[in-house]
Amino acid sequence: MANRTLRICILSFVLALAGALTSVPNPWQFIKYKVGIFDKAGETQAVRDSIKQFSASIAGFYASGGSIQGLNMFPADNTVKRRIFLDIQINRESGFVLVADRDRSDVKQITFSDTNHASAIVNEAWFMQYQNIGTRKPVSDKKANYLTLRYLFKKIGGKWIVMDFDVYGRNDSIPPVQQERLAAW
């Protein structure tokens, strides 16, 4: 009787484990993450590099008035790209170009929810000025903007891609990321 109970327990465990592993897209990556066999330092640096590329790309897109040069290098999901280029188009239709220069980014926190999803809280300082689209003469004063951004990432094809971002004031409290939001990607 004890042998039978032990076999049933082992079989139940194996079936539960098999069920759990088939419910995640990449079970080996999931196991590596859960048991701590995860190059956290390397992935953290890769997320930092993605943030740097994202900021540099945005500055270039705005300053050029929407030139798509470098769009394929821009580490962002298509919905994020559309959001940014819609804003640039609205400025163009108003006769302006927004020149946005990132002064600094201070990464405060990077959190991995698994091997393919991460979020980052970043304090950023940008200097912004509107210019006339035809003459490029300033139509506003250069203004410093101090923001806190939360970037949401997904690793696609070995690269960390910004799937969405939230913008907060420096003194705003930042609510936790809802896991359902990350899991949607």
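Which is surrounded by fewer than 18 Cβ atoms within 10 Å (Cβ to Cβ) and under 13 Å from the mean Cα position of the chain (by Cα), of Arg181, Arg136? It would help to see each step written out before you state the result.
Working: Arg136 fails: under 13 Å from the mean Cα position of the chain (by Cα).
Of Arg181, Arg136, the one residue that is surrounded by fewer than 18 Cβ atoms within 10 Å (Cβ to Cβ) and under 13 Å from the mean Cα position of the chain (by Cα) is Arg181.
In the stretch 58-70, is there at least one residue being modelled with pLDDT of 95 or more, in the same structural domain as Trp126 (by TED's automatic domain parsing) and among the hydroxyl-bearing types (Ser, Thr, Tyr)?
no
Which one is surrounded by the fewest Cβ atoms within 10 Å (Cβ to Cβ) among residues in the stretch 96-110 that are hydrophobic (A, V, I, L, M, F, W, C) and either outside the structural domain of Val47 (by TED's automatic domain parsing) or under 19 Å from the mean Cα position of the chain (by Cα) (or both)?
In the first step, residues of the stretch 96-110 are kept if they are hydrophobic (A, V, I, L, M, F, W, C); the result is 96-100, 107, 110.
Filter once more, so that each one left must be either outside the structural domain of Val47 (by TED's automatic domain parsing) or under 19 Å from the mean Cα position of the chain (by Cα) (or both): 107, 110.
On the way: Val107: 16, Ile110: 21.
Selected residue: Val107.
Could you check the stretch 112-141 and list, in sequence order, the residues that are of a type in the set (Val, Ile, Thr) and without any contact (Cβ under 8 Å) to a residue 24 or more places away in the chain? Before you say what the answer is, go through the steps one by one.
Residues of the stretch 112-141 that are of a type in the set (Val, Ile, Thr), as a first pass: 115, 121-122, 133, 135, 139.
The one that is of a type in the set (Val, Ile, Thr) and without any contact (Cβ under 8 Å) to a residue 24 or more places away in the chain: Thr135.
Quick one: in the stretch 139-178, which of the residues that are of a type in the set (Asp, Glu) and surrounded by 10 or more Cβ atoms within 10 Å (Cβ to Cβ) is nearest to Val47 (Cα to Cα)? Don't jump to the end; show me each part of the working.
First, the residues of the stretch 139-178 that are of a type in the set (Asp, Glu): 141, 164, 166, 172.
In the following step, the residues that additionally are surrounded by 10 or more Cβ atoms within 10 Å (Cβ to Cβ) were identified as 164, 166, 172.
On the way: Asp164: 14, Asp166: 16, Asp172: 23 Å.
Residue satisfying both the conditions and the ranking: Asp164.
Tell me, which residue of the stretch 38-48 that is free of Cβ contacts under 8 Å to residues at least 24 places away in the same chain and part of a helix (DSSP H, G or I) is farthest from Gln69 (Cα to Cα)?
Among them, the one singled out is Ala41.
Within the stretch 67-79, how many residues are in contact with a helix residue (DSSP H, G or I) (Cβ under 9 Å, 6 or more places away or on another chain), buried (at least 17 other Cβ atoms within 10 Å of the Cβ) and of a type outside the set (Phe, Trp, Tyr)?
Filtering the stretch 67-79 down to residues in contact with a helix residue (DSSP H, G or I) (Cβ under 9 Å, 6 or more places away or on another chain) leaves 67-71, 73-76.
In the following step, the residues that additionally are buried (at least 17 other Cβ atoms within 10 Å of the Cβ) were identified as 74-76.
Now drop any that are not of a type outside the set (Phe, Trp, Tyr), which leaves 75-76.
Final tally of qualifying residues: 2.
Among the listed residues Ile51, Ile68, which satisfies the condition of being over 21 Å from Val139 (Cβ atoms) and outside any helix (DSSP H, G or I)?
On the way: Ile51 fails: outside any helix (DSSP H, G or I).
Every option except Ile68 fails the conditions.
The values are calculated or read from the model by the stated rules, or taken from the named source; none is laboratory data. What you see is a predicted model; the values in this text were computed from it and never measured. A quick note on method: Cβ atoms are made from the backbone with ideal geometry, for glycine too, and the neighbour counts reach across all protein chains shown.
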